[in-house]
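Below you'll find the structure, written out as structure tokens, and then a few comments.
The values are calculated or read from the model by the stated rules, or taken from the named source; none is laboratory data. Because the structure is predicted, anything quoted here is derived from the model rather than measured. Here the Cβ positions follow ideal geometry from the backbone for every residue, glycine too, while neighbour counts run over all protein chains shown. Accessible surface areas use protein heavy atoms only, side chains included; no ligands, DNA or RNA. Shrake-Rupley method; radii C 1.70, N 1.55, O 1.52, S 1.80 Å.
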Amino acid sequence: MTQQNVVVSDSQSGVALPVFPTSSQKPQGGYIPIPRMRVLKNLEINAWIESMRSCSPTHRKSASSFAEERSSWMLNHPSALDMFDEIMEASKGKQIVMFLDYDGTLSPIVDDADCAFMSDSMRKTVRKLARCCPTAIVTGRSKDKVYNFVRLAELYYAGSHGMDIKGPTRSSKYNKDSKAKTILFQPASEFLPMINEVYQQLVEKTKSTPGAKVENNKFCTSVHFRCVDEQKWSELAYQVKSVIKNYPKLRLTQGRKVLEIRPAIKWDKGKALEFLLESLGLANCSDVFPVYIGDDRSDEDAFKKLRDRGQGFGILVSKFPKDTSASYSLQEPNEVMYFLQRLVEWKHGSLRAGVMSHMK
């Protein structure tokens, strides 16, 4: 008998899936009954896979096509280095506050997440930056883990996508107030046992997928698939789905070659940015100029927050054109370092100019 294709339609999504009968199945009147829930689950997994690909672009396009797309994208998101003078002009007379993502921004993206070390020159640059303006690291990593990478006590740290915030432990001109040192904010502390439980289950569940790595980031769990063959992404997605389906209080988000499971609360990097501005006493000031630099989808919450506030701007770190709410772009961590170095030099120049004008 010739096998027949069967189309299963999902009335809610309007998506039709072709289903091919196996030799062991016996079509009844040309149709094979397929449980609706299985179809919906397949649709969901397929959507995950597409999202995983869109969050992790590759060089698959032709060189000419990519160059044309990037050129068009750069018109709307010009290089922050090329536009440096314009940016600094907009910040004149205002207090700059710097917010920096870590992976892909201060350090290069690497295959082994435990080896994402920042360079000594980047550390030196960020240390100088913190002397010029309040500076915070806002990351999906756990606060303690990112601190071990950065090792600068004069910074603010917001780990777990802003769900674990701590003020500086070393004084600077911007945190002399003892209040800054006592900042400790953990809006998702009640989820700790649940996150630990999910972490253990995911470690066990993903063992069979070569290259998958599960990381406990305290208030969120990250499943890295940078070293997983793309043919295995679907298998990994099913494994993650099989665990988190039992935890309705958790949600899944995606970044660059990473799936992240975190509490389903209204808190993100944008909320963390607002909280830190408030902690600095700058939340309702018209003369504050927040700058957020990040490379991942989770940083979009902060970019959007700055657009909503109508203050400062966001800078996306990416070699590839992406949908973003950031105003400017930089291609890689080295460009981030050059931008920060120029900012430090500009601040020093402004201070010298101010001193000279007072001496006249």
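Restricting region 63-88 to residues that are in contact (Cβ under 8 Å) with a residue 40 or more places away in the chain and among the hydroxyl-bearing types (Ser, Thr, Tyr) leaves a set whose member that is least open to solvent (accessible area, probe 1.4 Å) is Ser79.
The residues of region 89-112 that are assigned to a helix (DSSP H, G or I) and open to solvent by less than 10 Å² (accessible area, probe 1.4 Å) amount to a single one, Ser91. In region 49-62, the residue that is modelled with the highest pLDDT out of those that are loosely packed, with under 14 Cβ neighbours inside 10 Å and assigned to a loop (DSSP other than H, G, I, E, B) is Ser62. Do we find a residue being β-branched (Val, Ile, Thr) and in contact with a strand residue (DSSP E or B) (Cβ under 7 Å, 6 or more places away or on another chain) anywhere in region 110-122? No; the residues of region 110-122 include none that is β-branched (Val, Ile, Thr) and in contact with a strand residue (DSSP E or B) (Cβ under 7 Å, 6 or more places away or on another chain).
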